[in-house]
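The values are calculated or read from the model by the stated rules, or taken from the named source; none is laboratory data. Quick caveat, the model's predicted, so the values are computed rather than measured. Using ideal geometry, Cβ is built from the backbone for each residue, glycine included, and neighbour counts are taken over all protein chains shown. Protein only, heavy atoms only, side chains kept; ligands, DNA and RNA dropped before computing areas. Shrake-Rupley method; radii C 1.70, N 1.55, O 1.52, S 1.80 Å.
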Amino acid sequence: MHPPYENQLFWHAGRRNFLRMQAAVTHQRRRLMDSNATEPAPKDIISSMPDDVVAHILDRLPLQDAVKTGILSRNWRFKWTMLTQLVFDEVFFRYLLETKRENRYGEIISRLLLHLKGVISKFVLYIDQQTYPILEDEHIANWILFLSRKGIKDLIIQNILDQPLKLPTHLFTCVELKHLKLVNCCFDPPASFHGFPNLLSLELSRVQNESKKLGEFFSRCPVLEILTMGFTFSAHEVKLAEIAKLTNLKILSLYLRNFEKCMITSPDGIFELLGFLPKLQELRLDFLQCKSFTEDGAKKRSPTTFPCLKTLDLSYIDLGSGIVLSFAFEIIRSSWNLQTLEIMTGQQDVHPPPAICSPEVDYNTVGFLQLQRVTFTSSMASENEVCLIKYLLACSPFLKEIFLYPHLFVARDEQLMFAKKLLKLHRASPVAEICFF
C-alpha cells in the first residue's frame, strides 16, 4: 500500500537532503586525507605542556577526576602521578561509597600516595562517622610519616567525630610545614621537638594538648603570621606573654572563653596583648559565653593605638552591656586606620542599661577613622547600637556603606523605629549609605 502523495513528497525531500549531507561529508573526508598527506598532523597542545603546568591543572581537579585522566591516552596514563595536592574530603569519600569501595579507604589512599613521584605540598583528610570505622590509626600514622618525607607544606586534618583523633609524633617531623589546621585532634609534642620554623598559619579547634604546654608550642613557631583558635580544651594553659611573643602576627582570631582563667579577656588584657603585636592587620574576637569583663578594666582607656589594624570582627558581643560597649568604643577609637568593621551582637539582657555615651556628638573633637564598610549582624535595634552607629557615621569621612541585619526577635515596628533614628544621624561621608535587610 502506497503512502499518501504528501508523505511521499516529504520522504523524497528528506532522502535528497540526506544524500546531499552524505556527499558533503565524503567530500570533506577526501579533502582532509589529501591535506594530511602534505600537512603535518595538528599538535596536541595540552599533552605538550611542561610537566609543572600539567600538575598545576591536575591539582585543580577533584582527586578522583585527576586520576581518571589516565584513561585519556597512553601519554596521559601516569600524568596523575605528578599531583602535588591531595584532598580526601567528603566528595572523595562519597565517590568511593558510590562505587562500592567504602571498605578499602585506607588501602586506596596508601596506594595513591605510593604512586606519586615528587613533592606533596598539600594534604587534606576529612574524618566522619563513615570513614573513621574503616580507617585505622596505623594508616594515619603511616601517611603522616610518608608526608614528612615528601616536603609537606599544607596539612589539614578535620575530624568531626565526638572522639578526638590522636595524632602520631611523626607530625612534629614535618619541619617544612607552612600551614597547619587541626580540628578535634589530640597531640603531644615529643621532647625532641624544636618547633615549626617555617609555619605561617595555625588554626586549632577542639584541640587537646596532653602536655598542657600549648603556649610553649606557639612560641616555637617564630614566623607565625596567622593564628586562629576556636574552642580549645588546653587554651586556659596559654599565658598572655606566650602569644605576645608572636610579633609577626598579622591575623589573630580568638575564642575568648578559652582564656578566662588567664585574664586575656579583660579589656586591659586584650589591649596589653595587642600592644605587643605591632604588625596585626586583622583581629577577630568571639565573645560567645565569655563573662570575664570587669567594671574596673572597662573604664580605662587604651594607652596605645593600633595603626596597622584594618579589619575588626567582634562576634557575639553583648552591646546591651555598658562595659562591653565601652570596650568596643575604645578598640575602634584606638584603631584609626580601621577600614572594615563587622559586629555580630549576642543575646542581651531583658532590661539593657541606658546608652553610655552622650546623645550629642562634638564633630570638632572626634578622631577620624578610615572606615569604609560596617556590618551589623543580629542587630537588636538598641539605643546602645544607635549610639555606636552615630559615632561611626560622625568620624568616618570615607565610609561607603553600613549593612544592618536585624535579629529574628526584633519586631517589624521596632526595626522601623530603629531605621528612622539612624536615617536622621549626621554623616561625615557624603556617599555613606545605610542598607537594611
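Of all the numbered requirements in (1) surrounded by 12 or more Cβ atoms within 10 Å (Cβ to Cβ); (2) part of a loop (DSSP other than H, G, I, E, B); (3) not basic (K, R), L393 misses one, and that requirement is (2).
Among the residues of region 125-144, are any closer than 19 Å to L200 by Cβ, without any contact (Cβ under 8 Å) to a residue 60 or more places away in the chain and out of contact with any Lys or Arg (no Cβ under 7 Å at 6 or more places or on another chain)?
Here is the first cut: in region 125-144, the ones closer than 19 Å to L200 by Cβ are none.
Looking through region 125-144, none of the residues is closer than 19 Å to L200 by Cβ, without any contact (Cβ under 8 Å) to a residue 60 or more places away in the chain and out of contact with any Lys or Arg (no Cβ under 7 Å at 6 or more places or on another chain).
Residues in region 396-437 that are over 25 Å from L369 (Cβ atoms) and touching a Pro at 6+ places or on another chain (Cβ under 6 Å): Q415 alone.
Only one of the listed residues (L58, L86, L113) is assigned to a strand (DSSP E or B), in contact with a Leu (Cβ under 8 Å, 6 or more places away or on another chain) and under 24 Å from H179 (Cα atoms). That residue is L86.
Among the residues of region 396-425, which ones are assigned to a helix (DSSP H, G or I), hydrophobic (A, V, I, L, M, F, W, C) and over 12 Å from F437 (Cα atoms)? Outline the logic, then answer.
In the first step, residues of region 396-425 are kept if they are assigned to a helix (DSSP H, G or I); the result is 412-423.
Still in the running and hydrophobic (A, V, I, L, M, F, W, C): 416-419, 422-423.
Residues satisfying the conditions are M417, F418, L422, L423.
Among residues of region 208-228 being modelled with pLDDT of 90 or more and among the hydrophobic types (A, V, I, L, M, F, W, C), the one that is surrounded by the most Cβ atoms within 10 Å (Cβ to Cβ) is L224. The single condition among (1) assigned to a helix (DSSP H, G or I); (2) at pLDDT below 90; (3) closer than 25 Å to L125 by Cα that F233 does not satisfy is (1).
Pairs are defined by a Cβ separation below 7 Å, a sequence spacing of at least 6 or placement on different chains, a first member in region 62-77 that is at pLDDT below 85, and a second member that is part of a loop (DSSP other than H, G, I, E, B) and open to solvent by 80 Å² or more (accessible area, probe 1.4 Å); the pairs so defined are G70/R77; G70/F78.
Within region 261-292, the only residue that satisfies the criterion of being modelled with pLDDT under 90 and touching an Asp or Glu at 6+ places or on another chain (Cβ under 6 Å) is S292.
For residues in region 61-106 being open to solvent by less than 60 Å² (accessible area, probe 1.4 Å) and of a type in the set (D, E), which is farthest from the chain's Cα centre (by Cα)? Ranking the candidates gives E102 first.
I156: at pLDDT 90 or above, in a strand (DSSP E or B) and buried (at least 17 other Cβ atoms within 10 Å of the Cβ), yes or no? Before you say what the answer is, go through the steps one by one.
Numbers: at pLDDT 90 or above: yes; in a strand (DSSP E or B): yes; buried (at least 17 other Cβ atoms within 10 Å of the Cβ): yes.
Yes: the conditions hold for I156.
Taking region 373-388 as the region of interest, how many residues are without any contact (Cβ under 8 Å) to a residue 60 or more places away in the chain, of a type in the set (S, T, Y) and under 17 Å from R412 (Cβ atoms)?
Step one: of region 373-388, the residues without any contact (Cβ under 8 Å) to a residue 60 or more places away in the chain are 373-379, 381, 383, 386.
Checking the rest, the ones that are also of a type in the set (S, T, Y) come to 375, 377-379.
Within this subset, residues satisfying the condition of being under 17 Å from R412 (Cβ atoms) are 378-379.
Number of matching residues: 2.
Say whether the condition of being among the acidic types (D, E) and either in a helix (DSSP H, G or I) or in contact with a Pro (Cβ under 6 Å, 6 or more places away or on another chain) (or both) is met by at least one residue in region 61-74. Break it down into steps so the answer makes sense when it comes.
Applying the first criterion (among the acidic types (D, E)) to region 61-74 yields 65.
Those still in the list that are either in a helix (DSSP H, G or I) or in contact with a Pro (Cβ under 6 Å, 6 or more places away or on another chain) (or both) too: 65.
Yes - at least one qualifying residue is present in region 61-74.
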